[in-house]
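Right, one structure below, let's go through it.
The values are calculated or read from the model by the stated rules, or taken from the named source; none is laboratory data. For clarity, every value in this text was computed on a predicted model and none was experimentally measured. Here the Cβ is made from the backbone with ideal geometry for all residues, glycine too, and neighbour counts use every protein chain on show.
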Amino acid sequence: MKRMLALASLLLLLAPSSSQAQQSSTALSHDVYFSLNDASPAARSELVAACRTYLSGHEGTLFFSVGPLAAELARPVNDRDFDIALHITFADRAAHDRYQEHARHKQFIAEQQKNWKRVRVFDSMVEVVK
């Protein structure tokens, strides 16, 4: 019992307190919402696969995800005017700019844009808390 209390006390001492400042950095969040002309399951899967192939793994990427609208979430506050969402967080603006000019990004656009009814892009500077 004494050992457990000693271990618990040690863990409390080592754990950061809520008053200690957390380390953070600034990154660029690039969020893209695609509305498709053909929004069939096959067409959605094709766009998700193309995003993975052409848009993931770029230098300076901190986070990458892509997927379809969550159909079961239909609250009044939910914007449901898209079929596929793409989220990429870049380490900085320079990484984002290199991505925009990269041949794979341009190939993605050339191959996929024929099925885009509407594309909305939201870029924001975000604080990444570690």
Looking at the stretch 1-12, can you tell me whether even one residue there is modelled with pLDDT under 95, over 20 Å from residue 130 (Cβ atoms) and not in a helix (DSSP H, G or I)? yes
Taking interchain pairs and intrachain pairs at least six residues apart, which have beta carbon atoms under 7 angstrom, with the first residue in the stretch 56-67 and touching a residue at least 40 places away in the same chain (Cβ under 8 Å) and surrounded by 12 or more Cβ atoms within 10 Å (Cβ to Cβ) and the second outside any strand (DSSP E or B) and small (Gly, Ala, Ser)? 62/91
Among the residues of the stretch 80-89, is there at least one that is among the small types (Gly, Ala, Ser), farther than 27 Å from residue 37 by Cβ and part of a strand (DSSP E or B)? no
Restrict the check to the stretch 77-98 and report whether at least one residue is at pLDDT 95 or above, surrounded by fewer than 14 Cβ atoms within 10 Å (Cβ to Cβ) and under 12 Å from the mean Cα position of the chain (by Cα). no
When you go through (1) closer than 17 Å to residue 44 by Cα; (2) of a type in the set (Ser, Thr, Tyr); (3) not in a strand (DSSP E or B) one by one for residue 99, which number turns out not to apply? (1)
So residue 45, is it small (Gly, Ala, Ser) and assigned to a strand (DSSP E or B): no
Condition first: over 17 Å from the mean Cα position of the chain (by Cα) and either at pLDDT below 95 or of a type outside the set (A, V, I, L, M, F, W, C) (or both). Now tell me which residues in the stretch 34-72 satisfy that. 35, 37, 38, 40, 41, 44, 45, 46, 71, 72
For residue 101, which of the numbered conditions (1) of a type in the set (Asp, Glu); (2) surrounded by fewer than 13 Cβ atoms within 10 Å (Cβ to Cβ); (3) in contact with a strand residue (DSSP E or B) (Cβ under 8 Å, 6 or more places away or on another chain) fails to hold? (3)
What are the residues in the stretch 102-130 that are among the polar types (S, T, N, Q) and assigned to a strand (DSSP E or B), if any? 124
